[in-house]
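In what follows, a structure is listed as structure tokens, so that the remarks can point back to it.
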Amino acid sequence: MSRHIAASAIRGSHQIFAEASEALEKAVALKGEDYKFEFPDTAFYLPHIYGMTGIKIETLGQMRGGLDYAKGLLSPVPAEHEYLPYLGETLDAGQATLFAEEILLASRYVLGLEPMSDAETGIQYNGFITDTVLRDLGVQLVDGTLPGFAVIIGKAPDEETAVKIARDLQQRNILTFLCGNVGGDNMAKQLSRKGVELGWDARLVPLGPEAYHALYAADWACRGALMFGAKKGGDALEVLKYNKDRVFAFALVMGPMTDLIWATGAGAITYGFPAICDTEVPEIRPTGVCTYEHVVSQTDHEKIIDTCVETRGLKIVITKVPIPVAYGPAFEGERIRKEDTVFEFGGPKGAAFEWLTTKEMEEVEDGKVNIHADDATAKLIESPDTSKTTQLPLGIKVTVAGRKMSPDFEPVIERKLHDYINCAQGIFHMGQRDANWMRISRQAASEGFKISHFGDIIYAMVKSKFPAIVDKVQVDLYLNEPEVLEMREVARAVYEERNQRVKDMTDESVETFYSCLLCQSFAPNHVCVISPQRLGLCGAYNWLDARAAFEIDPVGPNQPVTKGETTDPDKGRWKGVDEYVWSASHQTMEGFSAYSLLDSPMTSCGCFECIVALVPEANGYMVVNRGYTGMTPVGMKFSTLAGTVGGGAQTPGFGGIGKYFITSKKFIKADGGLLRLVWMPKSLKESLREDLIRRGEEEGVPGFYDMICDETIAEESEKMMEFLMEKGHPALTMESIL
């Protein structure tokens, strides 16, 4: 450990400690010691302090205790030319820095100074990262779609380099947080001035303009261990080890190093996150003394992202797509305004469809992209008028062939077309089947993107993602409206046939379920078992998806689970499933009930779409979805409830589910089924409106939809009960749930 680094880190920790102390006293003077504070939408208090110590800081007065804890970690400020040789003192300074930064930022929230904005560029900095965002990205974190995340502190030497680095990170789909400044400037502002889109959809998230805003990323990492890893607040070494082993993050420091940056970097090193600098700095590499990740210098900006990836050991697979614009998942959420559009297809004003079908091998010309258009349209799409937006119909027919291809896999691959097309920079895609909507931006057109490139994207991605079941891919693009309308009717008949086929599938109609162990990379003992009538709790995988995934990768996370003997048909217990769960959970869980929340419910990792929770006074259950931040009748918000069911815990009366399980006939069947549902957020209720009405009628209660309470009627239990009694909700007269 460089003694220069140690001295700088300790000086920086004292600097931020003084700033935090001053800000806290201002907050106390304004609001008083008893003022309660929590960061937005989190169940983890001040997350870093809670993760390291188990201390639940809820008031400004308690923050003083947090500062006292930080003070105890500080070494004396070294003299100007004094160097300290000790690794331990440096790492203690790093932890003290993170403690102080967290209290500084909490105090700034109380003072109304966070989150910040920038008047020059209009940037609205994100500020604290909520629990909801972390859970929203949970599936992408565990399945490798998001291979890791970066924290960039400072700014690139020029705006062109900033854009190049950002695009490199985006194409590797590395989630990137931006903070810090050099002379009043930072990389977020550099990118904004060059017109680069910032935000979660673009995977470029500006946290704040100062180096201490990197604390928000540390809070994010700490909660990963608490949410998904079932680590407990206060198990500091376990939390840090979890991050070192499972959270692939790194810091990229651009520009001159300051004492505060060294101090913050020392805190990152305790998490096992290396720092890569674009200036000449003393390097730290693993030795017998320092087993932590290192500090590395890379002054060549052409190589700096490669160095970051290699240093942290990220596993990144980039599929090369032969198109003239950048391609990667970071562009999926890109928004293209009407005035920036050259071509628009489908949507509210046009006819369009997407249809994937299977043919025999000899009927498919592999790699062929056919454009079906009259002469005028063909000329227009080859040389577009970029001064206006042209509306066109578009039918996309994808024909595949493969020795292991099955019609059951058609909708699985077809749904992926949305993701594949959306990954092209400058391309917008929304919706599926016959309700899709697409745009090509002027920028993409100016770089040479043509309609035929849709076919190139589909060919490259389907062949690379489904090599075990797809041998040939042909794409036909239809642009003549009569032909599009005619073929759309053919496609609609196929959609309806598929719907009926899936609708007729039941858990009893198959002998094999499928596991999903994707989340074991974050929640080691969690096991998800997917059946035709119970999709994965993340909502991203149904039975057909899991079956297709197994065919694609026979040794992957989706494995066939033979049901075996049915031991309890009402609760959903099978001997073969229980045996699998016992083995796959590393002998921590004897089994689970697929249709009950009271008796051995399925475990949850942390990226569930919804939580079902017992409401004893109503003799029923409530459901709350991720993204709803209000209070619920059980007196807990989603983020607090999530702490009781995540990390592979089996908690009777609580459970994580995919939202479409709510309208399954197997939904909490053993506990009374759908008629036990007494409360849910209005947005969730309305999104399931038609299915809830249908299921209510099937259960013999035609007006059931209107009997379900929501937050616009009541958030607290007493008012909810008044509503339920007024409506005559069936749960009130059912057999006692307990």
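Residue farthest toward the positive end of the dipole of the chain, with Cβ of Lys/Arg at +1 and Asp/Glu at -1: which of Val494, Val205, Asn542?
Asn542
Magnitude of the Cβ-charge dipole of the chain, K/R +1 and D/E -1, about the Cα centre, nearest 20 debye?
Taking the Cα centre of the chain as origin, the dipole is about 400 debye.
Specify which residue in the list Asn422, Ala218, Gln62 is farthest towards the positive end of the charge dipole of the chain, using unit charges on the beta carbon of Lys, Arg (+1) and Asp, Glu (-1), about the Cα centre.
Farthest along the dipole direction, towards plus: Ala218.
Please compute the length gained on full extension between Asp118 and Lys338, using 0.36 nm multiplied by the number of residues separating them and subtracting their Cα-Cα distance.
76.5 nm is the gain from fully extending Asp118 to Lys338.
Specify whether the C-alpha gyration tensor of the stretch 11-78 places it in the rounded, prolate or oblate class, a ≥ b ≥ c being the square roots of the eigenvalues: rounded for a/c under 1.5, otherwise prolate if a/b is larger than b/c and oblate if not.
Oblate, since a/c reaches 1.5 and b/c is not below a/b.
Treat every Asp and Glu Cβ in the stretch 243-385 as -1 and every Lys and Arg Cβ as +1, leave all other atoms uncharged, and give the resulting dipole magnitude about the Cα centre to the nearest 20 debye.
660
For the stretch 107-205, just say rounded, prolate or oblate: build the C-alpha gyration tensor, square-root its eigenvalues into a ≥ b ≥ c, call rounded for a/c under 1.5, and beyond that prolate if a/b exceeds b/c, oblate if not.
It is oblate, given that a/c is not under 1.5 and a/b is not larger than b/c.
Under a 5 Å amide H to amide H cut-off, with H placed in plane at 1.01 Å, what residues pair with Ile276 once short-range neighbours are removed?
When sequence neighbours closer than 5 places are left aside, the close amide H contacts are Ala251, Leu252, Val253, Val296.
Is the shape of the stretch 494-594 best called rounded, prolate or oblate, per the rule: a/c under 1.5 gives rounded, else a/b larger than b/c gives prolate, else oblate, with a ≥ b ≥ c the square roots of the Cα gyration tensor eigenvalues?
The shape class here is oblate.
For the stretch 633-659, list residues with backbone N below 13 Å from a point placed 7 Å from the Cα of Asn499 toward its Cβ?
none
Under a Cβ-Cβ cut-off of 13 Å, what is the net charge of the residues other than Phe608 that fall near it, where Lys and Arg count +1 and Asp and Glu count -1?
Residues near Phe608 contribute +1 overall.
For a 25 Å ceiling on Cα separation, which of these pairs sit above it: Lys379/Lys472; Lys232/Lys666; Lys320/Lys397; Lys315/Lys368?
Going by Cα-Cα distance, Lys379/Lys472; Lys232/Lys666; Lys315/Lys368 fall outside the 25 Å limit.
Please name whichever of Met636, Pro681, Gly653 sits farthest to the positive end of the charge dipole of the stretch 629-701, dipole taken about the Cα centre and charges placed at Cβ: Lys and Arg +1, Asp and Glu -1.
Among Met636, Pro681, Gly653, the one farthest towards the positive end of the dipole of the stretch 629-701 is Met636.
Can you pull the semi-axes for the stretch 481-532, root of five times each eigenvalue of the Cα gyration tensor, sorted largest first, whole Å?
In descending order the semi-axes read 37, 17, 5 Å.
Give me the percent of DSSP beta bridges within the chain that run antiparallel, rounded to the nearest 5.
Of all bridge pairs located within the chain, approximately 50 percent are antiparallel.
Considering only protein heavy atoms and a 1.4 Å probe, what is the carbon-and-sulfur percentage of the accessible area of the stretch 115-177?
The value for the stretch 115-177 is 47 percent carbon and sulfur by accessible area.
Under 26 Å Cα to Cα from Lys669, which lysines show up? Leave out anything in the same chain fewer than 8 places away.
Lys669 reaches Lys503, Lys563, Lys571, Lys575, Lys637, Lys659, Lys682, Lys685, Lys727.
Let me know the Rg and Dmax you get for the chain when you use only its Cα atoms, in Å.
27.4, 82
Taking R0 as 25 Å, what FRET efficiency do you get between Thr506 and Glu697 from their Cβ-Cβ distance, rounded to the nearest 0.05?
It comes out at approximately 0.85.
Taking the solvent-accessible surface of protein heavy atoms with a 1.4 Å probe, what is the per residue accessible area of the chain in Å²?
39
Determine the dipole magnitude for the stretch 508-586: charges of +1 sit on the beta-carbon of Lys and Arg, -1 on that of Asp and Glu, nothing else is charged, the reference point is the Cα centre, and the result goes in debye to the nearest 20.
140
The values are calculated or read from the model by the stated rules, or taken from the named source; none is laboratory data. As the structure is a prediction and not an experimental result, all values here were calculated from the model. For neighbour counting, all protein chains shown are included, and Cβ atoms are generated from backbone atoms with ideal geometry for every residue, glycine included. What goes into the accessible areas is simple: the full protein's heavy atoms, side chains included, and nothing from ligands, DNA or RNA. Shrake-Rupley method; radii C 1.70, N 1.55, O 1.52, S 1.80 Å.
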